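What follows draws every value from the coordinates through simple rules; no lab data is involved. Since the model is a prediction, treat every value here as computed from it, not as a measurement. In this analysis, Cβ positions are derived from the backbone assuming ideal geometry, glycine residues included, and neighbour counts consider all displayed protein chains.
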Amino acid sequence: MKTGIIHIFPACLFFILSCSNSDEKKCAKLKSGEFYYKGKIPRTGNIIYRNDSIQIVTEEQTGEKQKEKIVWTGPCSYELYPAPDSKEDILKSDLFPIRVSILEVTNRYYTVNVLSVNHKTEFNDTVWIAR
């Protein structure tokens, strides 16, 4: 019986580490690019341009832009803050910091868990990969 455990443990450890490494590679592809978030209200959504440490979110309906600073806290997690040079938006400033955890990555989309720390609001959603 002990012999079986000795062989199973390294196999499980290898499997866990290889999955983790695969997720890290998939998440690394999301650090830069163009993404689309579809809003819950019909005909609303956001186009997201991300370049590692900065992202610009353009509201599709109004064209309003919000520049956000990204701080990567892990291979598949980051926090969003208002960019220092972005205009102050009193209605939205209390949403930050926003913690984002990437849950799953496919070729077409990725799923996230989003937490607004100050609002104590949390939800899971889908972000589409545009480029």
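With the crude spin-label approximation of a point 7 Å out along Cα→Cβ, what separation in nm comes out for residue 114 versus residue 62?
Once both label points are built, they end up 1.5 nm from each other.
May I ask for the net charge around residue 128, where only other residues with Cβ less than 12 Å from the Cβ of residue 128 are counted and Lys, Arg are +1 while Asp, Glu are -1? Before the final figure, lay out the partial values.
Values: positive: 38, 108, 131; negative: 34, 125.
Net charge around residue 128: +1.
If I take R0 = 22 Å and measure r between the Cβ atoms of residue 41 and residue 71 in this structure, what FRET efficiency does the formula 1/(1 + (r/R0)^6) give, to the nearest 0.05? Provide the component values of the computation, followed by the final result.
Working: r = 29 Å, r/R0 = 1.33.
In this case the efficiency is close to 0.15.
Cβ under 12 Å from residue 99's Cβ, residue 99 left aside: what net charge do those residues give with Lys, Arg +1 and Asp, Glu -1?
On the way: positive: 120; negative: 79, 122.
Local charge sum for residue 99: -1.
For labels at residue 81 and residue 124 in the simple 7 Å Cα→Cβ model, what's the distance in nm?
3.0
For the pair residue 101 and residue 25, how long in nm is the line joining their label points, each one 7 Å along Cα→Cβ?
Placing both labels 7 Å beyond Cα along the Cβ direction yields 2.4 nm.
Starting from segment 35-88, pick out the GluC sites (Glu not before Pro) whose DSSP state is loop and whose Cβ has at most 14 other Cβ atoms within 10 Å. Spell out each step's value before the answer.
Numbers: sites: 59, 60, 64, 68, 79, 88; in loops: 60, 64, 88.
Filter output for segment 35-88: 64, 88.
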